[in-house]
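Following: one structure in structure tokens, then a few remarks.
The values are calculated or read from the model by the stated rules, or taken from the named source; none is laboratory data. Please read all numbers here as calculations on a predicted model, not as lab measurements. Cβ sites come from the backbone with ideal geometry, for glycine too, and all protein chains shown count toward neighbours.
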Amino acid sequence: MLEVSNLHASVSGVEILKGLSIAVNPGEVHAIMGPNGSGKSTFANVLAGRPQYIVDSGSVKYLGEDLLTKMPDVRAKDGIFLAFQYPAELPGVRFWQFMKAAVDAKRRYAGEKEMAVREFDDLWKEKAAQVNIPSELISRSVNEGFSGGEKKRAEMLQLALLEPKLAILDETDSGLDVDALRTVATSVNEMRHPDRSFLVVTHYQRLLNHLTPDFVHILVDGQIVESGGADLALQVEESGYDQFIKATAS
């Protein structure tokens, strides 16, 4: 699914990723953990193709193809989904229309017909109920006036509608209350599939209480310094990142 080799990337001339390597197979859930400034969000944004994140060297293969040569919209149409740490508001853009356009664009790219309005509306209502998002929220403009938790629920609706092959959740648990956290985790668990993979970027183990990853990776100073199973996240919860930071510095 995804193969990243010796990836170096910078932002505003400052190197953030310093030789990151990881392989994600179809159907796997990988958690990326690390202290502030370690490069977690930079990695997520590089994969999504945000232009201010510059790849200096290394390679990224997605479904056997060079991901770095593709524009952000093509990456999305090829099945990469990024849930932002801070989702943007789009005043004046109705959520329903926004998602209908996104789903239709993906279908056209795959050589399929656009969805009829009634067909999409039925799907919309089904997925909205699945992620437990109130109807009054999704009748607004995209994220306009949403709380942090409501924005994350809205992203889970986008995830359910777009059905990506690789979903990247960039600190999607940030600022969530217990109920919203459970909704996010439930949405991911329900979306798990042998042909779909997840990269879950997080500071803390609390999301992983509800979502058990296949692999956990510790990112420090732009490199993965430790990888293991779900118990590695528990180790971080108990003793923090100091042991990994000290090991990197030595």
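Tell me, please, whether a residue that is of a type in the set (S, T, N, Q), within 16 Å of D221 (Cα to Cα) and in contact (Cβ under 8 Å) with a residue 12 or more places away in the chain can be found in the range 30-37.
Within the range 30-37, one or more residues are of a type in the set (S, T, N, Q), within 16 Å of D221 (Cα to Cα) and in contact (Cβ under 8 Å) with a residue 12 or more places away in the chain.
From the set of residues in the range 116-145 that are in contact with a helix residue (DSSP H, G or I) (Cβ under 6 Å, 6 or more places away or on another chain) and not in a helix (DSSP H, G or I), which is modelled with the highest pLDDT?
Selected residue: V142.
Looking at this structure, is N143 touching a residue at least 40 places away in the same chain (Cβ under 8 Å) and in contact with a Leu (Cβ under 9 Å, 6 or more places away or on another chain)?
Considered against the rule, which asks whether it is touching a residue at least 40 places away in the same chain (Cβ under 8 Å) and in contact with a Leu (Cβ under 9 Å, 6 or more places away or on another chain), N143 comes out as yes.
With the requirement that a residue be more than 19 Å from E155 (Cβ to Cβ) and either small (G, A, S) or surrounded by 13 or more Cβ atoms within 10 Å (Cβ to Cβ) (or both), what does the range 109-137 give you? Explain how you work it out, then say what you get.
In the first step, residues of the range 109-137 are kept if they are more than 19 Å from E155 (Cβ to Cβ); the result is 109-119, 121-122.
Passing the criteria: Y109, A110, G111, E114, M115, A116, D121.
Test K106 against the criterion of being crowded, with 17+ Cβ neighbours inside 10 Å, modelled with pLDDT of 90 or more and under 21 Å from the mean Cα position of the chain (by Cα), and give yes or no.
It is true that K106 is crowded, with 17+ Cβ neighbours inside 10 Å, modelled with pLDDT of 90 or more and under 21 Å from the mean Cα position of the chain (by Cα).
Tell me which residues, restricted to the range 1-35, are of a type in the set (G, A, S) and in a loop (DSSP other than H, G, I, E, B).
S12, G13, G27, G34
Every residue, every condition in (1) in contact with a helix residue (DSSP H, G or I) (Cβ under 6 Å, 6 or more places away or on another chain); (2) basic (K, R); (3) within 21 Å of V24 (Cβ to Cβ), yes or no:
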residue: S187; (1), (2), (3): yes, no, yes
residue: E190; (1), (2), (3): no, no, yes
residue: D195; (1), (2), (3): no, no, yes
residue: V200; (1), (2), (3): no, no, yes
residue: L219; (1), (2), (3): yes, no, yes
residue: G222; (1), (2), (3): no, no, yes
residue: G228; (1), (2), (3): no, no, yes
residue: Q235; (1), (2), (3): no, no, no
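Suppose we filter the range 36-92 for residues that are assigned to a helix (DSSP H, G or I), surrounded by 12 or more Cβ atoms within 10 Å (Cβ to Cβ) and among the hydroxyl-bearing types (S, T, Y); how many remain?
2
Just to check your reading of the model, which residue among E237, E155, E171 is at positive phi and not polar (S, T, N, Q)?
The conditions single out E171.
Look through V4, V46, V24, V14 and report the one residue that is touching a residue at least 12 places away in the same chain (Cβ under 8 Å), hydrophobic (A, V, I, L, M, F, W, C) and either touching a Lys or Arg at 6+ places or on another chain (Cβ under 9 Å) or over 28 Å from E237 (Cα atoms) (or both).
V4
Could you check the range 164-223 for strands (runs of 3 or more DSSP E) lying wholly inside it with 1 or more residues that are surrounded by fewer than 20 Cβ atoms within 10 Å (Cβ to Cβ)?
Values: elements: 166-170, 197-202, 215-220.
Fully inside the range 164-223 and qualifying: 215-220.
Confirm whether G92 is of a type outside the set (S, T, Y), at positive phi and modelled with pLDDT of 90 or more. If you could, list the steps in order and put the result at the bottom.
On the way: of a type outside the set (S, T, Y): yes; at positive phi: yes; modelled with pLDDT of 90 or more: no.
So G92 fails the test.
Identify the single condition in (1) surrounded by fewer than 19 Cβ atoms within 10 Å (Cβ to Cβ); (2) modelled with pLDDT of 95 or more that V24 does not satisfy, given that it satisfies every other one.
Looking at each condition in turn, V24 falls short on (1).
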